[in-house]
Amino acid sequence: MSTGYLQSSLERVRTIADFQFFMGAGLWLFPDECTFILSRRGGVRQVLLDTQRLATLRAHDGRLTLGLAGCRRLYEATSAPSFRVVVQQDVASFIADGKNVFAKHVISADTSLLAGDEVIVVDEDGDLLGIGMAHLCGHEMLAFMYGAAVQMRKGVHQDLS
């Protein structure tokens, strides 16, 4: 694979991250040392750093889904409440195991979150529990007392990727 193609792939995923998260997120998430797993047609499928998956580029909508390694990088690059959903301490171990977050367990949430956004799930102390996709917007997570708020993709206890 040519160096020019690697550079254009890196620029592409950085631009998507800047759009999806915040300006500058692409540089935080994807250092120059990233490697790529490509589709048969040559499009970016996954972004890796060493052997850890930082993100996958979804073909159907062009958005990034973060792996746990990418989640950790976003967690370190941002401060609360950005991209965060805080859950009750008594369910933290279940969430860290990858179980879904229910609205009744949400203590606080970034009110700018929309359904479908990538979210960082933390406990009351701010410790990272995992990464998932919001089923509800931030306001709804706080208002509802039933139903799934976040579909977890990966909990920190599942750190096998």
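Looking only at the range 57-92, residues that are in contact with an Asp or Glu (Cβ under 9 Å, 6 or more places away or on another chain) and polar (S, T, N, Q) come to 4 in all.
Pairing residues of the range 33-58 that are closer than 10 Å to SER9 by Cβ with residues that are charged (D, E, K, R) and in a loop (DSSP other than H, G, I, E, B), at Cβ distances under 8 Å and at least 6 apart in sequence or on separate chains, gives LEU57/ARG63. Residues in the range 81-117 that are of a type in the set (D, E, K, R), more than 15 Å from GLN20 (Cβ to Cβ) and part of a loop (DSSP other than H, G, I, E, B): 2 in all. Of the listed requirements (1) free of Cβ contacts under 8 Å to residues at least 60 places away in the same chain; (2) surrounded by fewer than 19 Cβ atoms within 10 Å (Cβ to Cβ), VAL106 misses just one: (2).
Values in this text are rule-based calculations from the coordinates and carry no lab data. Just so it is clear, the model here is predicted, and its values are computed rather than measured. Counting neighbours? That spans all protein chains shown, and the Cβs are built from the backbone with ideal geometry, glycine included.
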